[in-house]
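Quick note: the coordinates plus some simple rules give every number you see, no bench work behind them. Bear in mind that the values here come from a model prediction, so they are computed numbers and not experimental data. All Cβ positions, glycine included, derive from the backbone under ideal geometry; neighbour counts span all protein chains shown.
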Ligand SMILES: Nc1nc2c(c(=O)[nH]1)N[C@H]1C(S)=C(S)[C@@H](COP(=O)(O)OP(=O)(O)OC[C@H]3O[C@@H](n4cnc5c(=O)[nH]c(N)nc54)[C@H](O)[C@@H]3O)O[C@H]1N2
Ligand SMILES: Nc1nc2c(c(=O)[nH]1)N[C@H]1C(S)=C(S)[C@@H](COP(=O)(O)OP(=O)(O)OC[C@H]3O[C@@H](n4cnc5c(=O)[nH]c(N)nc54)[C@H](O)[C@@H]3O)O[C@H]1N2
Ligand SMILES: [Mo]
């Protein structure tokens, strides 16, 4: 018989490691707590959770007393009620009079005051309020009201145990204690990342959302998926009178378990911006004329047909949006393939993780991640290569930090000292563009020390002998010299990997966006295979996909060489299925990739382009030439939320509903298809992307009868049954479905390649190093890396229209102190930056985050023109641009404020 205990007369089975509080909750007892919060470490400070144990009623704090066999526990009694009343009165009276009032609708503490009927009478001689200003509104999102702070330390625990940020401290003793924020006096100067975990944890409203000072109740709560990065956090959107009151993380969601980052939680103000597009706009001279939807759709259908008739179907092309839904992407590529007759469809996956997808596809059989975010908690070693998750995927970044704090070793491979490097057992600070020699050195060390999974290699892989022969010919000293990493560091990393075996490889654009992008990911995948990591829980390949729906956008077939579900255009069975379901043949040969479309526009062979939610005039490399190309088009249609840099160049602008306003699905970076649900109506006459495409299709003569996005999803399941056959909108409640999900009973797939690789055998690849054309360019001594910062998102159309603009008002050029001294550049000075492709200026931030010889610049503000400087170099295999390295020189442009 298993061990038991009794709580309030109920017999309960003992669970290992449980506290009395957990057991009491299981027994249905509502034990009050103040300093304790489920999911956070017990604090044991407030004593409110005291319960009576044993016949003599010995008092014990339930939150940290272990439940033991045979105990007899009482959670309510007259004496306990009296005790709790006294504790609550003391807590209340430690703060200025009137700070709290008993109320069943109030904050947690106020509800407890009401529940225990704590009398109002306050004792005389109340302690004085401590020194700091009672209300700190210096931070744009989170405010602090000292009057209401009871020093319970829940915020400390949430900050440390959820976000890993350590913003808070308690200073002073006795009545003089106060909550402090890191080194600064004011919130705005702290290290707060505005994740809001502390606000959720605070029992008194001392920490609160600044945009919710008046606590008007919401009239509706809508569960949906965050539309920023590829993590795909589940959100709950509270609205009232067609306004967003608050967004918070959906508790218990598989992806984020209630946690969000500052963008997901707070940066929603763009939705109600007066600059949102409200009606279709047609260019007339230098200005715009507003059109009705029927006019806009008829005009567009006519222009598409004219160009198609005059110049052939391949004179037209489309870029589908990675910010909009699967249904919108699917329909736009279908429109161009079935109604126009061209495969000229591509998306910004091209300028992002195209290299990752291609490399993984070639070596494993699918371009998607083999692992899931849940593997972060199971991993025994995490390698983070060319990714900066604490800024670009903060919810995942926080989980990696937590893993490191638990003692899981972390290897960081990045030319910059990114935040995770502070937590790393080993940081390999390589020269930009030298992943291949570094990974080859690691592979050689693993092979030569025998620290590989031989059985896995033999049973599941091919190409081992070739890799061994190739490795033998490499010199470790040469490889280390090329990547400018001390050989000892590489050996340390190899030893860590060798000792643990199956490893979780998290990767980012520092691998993909290089002329050796595909090669970099292949060389990393070799490590995943040699260690037997791929297909194992807690291990494998986890590239962090960029936008909310970049995975889905590619899945939908927005690629010139493959159709929905990565099916080959030249497979007769595929062609038959599409012809049957679409009622139109798939066009033949491959279409043009995104950079090829821009080249074709410049050459005059591409005449018309439909760009859905993408801003190449700011985000594509070699901006001057991109703008030239867009300027050559006789038809540029842009579907957008705002008049973006690209929309300004368009002939027709179609106003789109944003993620908070439309229905459909997004697919996150772990292949999870999740529901998007509208919480608000779009502004003006803006419409969801999918609906507009449907209507243009019909105007072109298609017999499309989709009444809702779920009808489109049913068709997606039918055209690509092996990946999506079992996906239906109704099945996506809760945590959605991870593809492959081939039939209606299938639960979805967390780990791919578990039994065998999708391509049969996994392939080890021989990867030769080739320096970048931007390496060693005479007269351009610095290597510029471009990338992102935490508070802005890509072209910034959304985050610039929120208080995030106060948090980060401009893009800064990061430069090492030694370089700054040599160039005469002071912190904050404006610096001229020039490459062989173009020039711009930016204000300097002098910081050792970059190593000497390397610079870093973000590209979020249009006036920065970061992409005037980046060039036309591309990975020849994936066509992905080399955003990560440009040879540049500096001009100290004098100091300004
Ligand atoms: N806050 C925020 N989050 C975002 C975005 C955003 O704009 N803002 N954008 C989203 C999108 S679209 C994407 S694709 C993801 C991107 O997410 P990440 O890939 O994490 O972002 P990046 O900052 O572009 O680059 C990652 C790192 O690569 C490093 N790196 C540069 N060159 C090399 C190299 O040769 N080798 C190695 N090993 N590393 C190198 C850089 O120093 C940088 O730290 O983020 C998504 N999330
Ligand atoms: N120098 C440099 N340049 C880079 C990079 C880099 O690292 N360095 N990274 C590259 C990468 S990885 C990427 S992915 C690209 C991203 O570049 P883009 O895709 O151009 O940028 P985003 O800001 O993600 O979004 C594009 C547009 O979508 C709109 N939008 C948002 N939601 C919707 C919607 O529901 N419907 C419609 N129709 N529109 C919507 C937004 O207003 C925005 O203008 O930038 C690339 N550019
Ligand atoms: Mo991206």
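Distance from the C-alpha centroid of the stretch 561-586 to that of the stretch 40-99: 67 Å, rounded to the whole angstrom. List the residues of the stretch 390-413 whose backbone N lies under 13 Å from a point placed 7 Å from the Cα of residue 422 along the Cα-to-Cβ direction. Taking a point 7 Å out along Cα→Cβ of residue 422, the residues of the stretch 390-413 whose backbone N falls under 13 Å are 390-391, 398, 401-402, 405. Estimated at 0.36 nm per residue, the fully extended path between residue 41 and residue 821 surpasses their Cα-Cα distance by 276.2 nm.
Each helix, a run of at least 4 DSSP H residues, gives -39500 (n - 2.57); summed and divided by the residues of the chain, these come to -8000 deg cm²/dmol at 222 nm.
A straight line joining the Cα centroids of the stretch 674-700 and the stretch 223-246 runs 18 Å. Only bridges whose two residues both fall in the stretch 782-892 count here: according to DSSP, what percent of them are antiparallel, nearest 5? Of those bridges, close to 65 percent are antiparallel.
For the stretch 151-217 versus the stretch 784-844, the inter-centroid distance based on Cα atoms is 30 Å.
Pulled fully out, how much extra length does the chain show between residue 166 and residue 632, if you take 0.36 nm times their separation in residues and subtract their Cα-Cα distance? List each step's numbers first, then the result.
Details: separation 466, 0.36 × 466 = 167.76 nm, distance 5.28 nm.
Result for the pair: 162.5 nm of gain on full extension.
Annotation for residue 220 and residue 58: the two label points, set 7 Å from Cα along the Cα-Cβ direction, are 5.6 nm apart.
Taken along the Cα-to-beta-carbon direction at a fixed 7 Å, the label points for residue 69 and residue 293 span 6.9 nm. Each of 105, 645, 628 has some number of other Cβ atoms within 10 Å of its Cβ, and from fewest to most they run 105, 628, 645. Label-to-label distance for residue 605 and residue 117 is 8.6 nm, based on points extended 7 Å past Cα in the beta-carbon direction.
Would you mind ranking 520, 644 so that the residue whose beta carbon has the fewest other beta carbons within 10 Å leads the list? It would help to have the intermediate numbers written out before the result.
Numbers: 520 31, 644 25.
The order, fewest Cβ neighbours first, is 644, 520.
Counting other beta carbons within 10 Å of each residue's own, what order do 377, 661 fall into, fewest first? Write down the numbers at each step before the final one.
On the way: 377 12, 661 20.
The fewest-first ordering by Cβ neighbours comes to 377, 661.
The stretch between residue 561 and residue 743 holds 62.9 nm of extra length on full extension. This uses 0.36 nm per residue minus the Cα-Cα distance. For the stretch 389-423, the residues whose backbone nitrogen is under 20 Å from a point 7 Å from the Cα of residue 848, taken along Cα to Cβ, are 412-423.
Given R₀ = 30 Å, what would the calculated FRET efficiency be for residue 761 paired with residue 488, taking r from the Cβ atoms and rounding to 0.05?
Values: r = 35 Å, r/R0 = 1.17.
Working from the Cβ atoms, E equals 0.30.
Take the Cβ atoms of residue 718 and residue 175, set R0 to 60 Å, and the FRET efficiency comes out at 0.30.
Report for the chain the percent antiparallel among DSSP-assigned beta bridges with both residues inside it, nearest 5. Please list the in-between numbers first.
Details: 65 of 110 bridges.
If we restrict to bridges inside the chain, about 60 percent are antiparallel.
For the chain, the longest principal axis of the alpha carbon atoms and the long axis of helix 709-719 meet at an angle near 60°. Compared with the dominant principal axis of the Cα atoms in the chain, helix 572-582 is inclined by about 70°.
As an exercise, use a Förster radius of 45 Å and the Cβ-Cβ distance of residue 474 and residue 777 to find the FRET efficiency, rounded to the nearest 0.05.
Details: r = 26 Å, r/R0 = 0.58.
Result of the calculation: an efficiency of 0.95.
Taking a virtual spin label 7 Å from the Cα of residue 462 along the C-beta vector, which residues in the stretch 712-754 bring their backbone nitrogen under 20 Å of it? Under 20 Å, as judged by backbone N against the label point of residue 462, lie 753-754 of the stretch 712-754.
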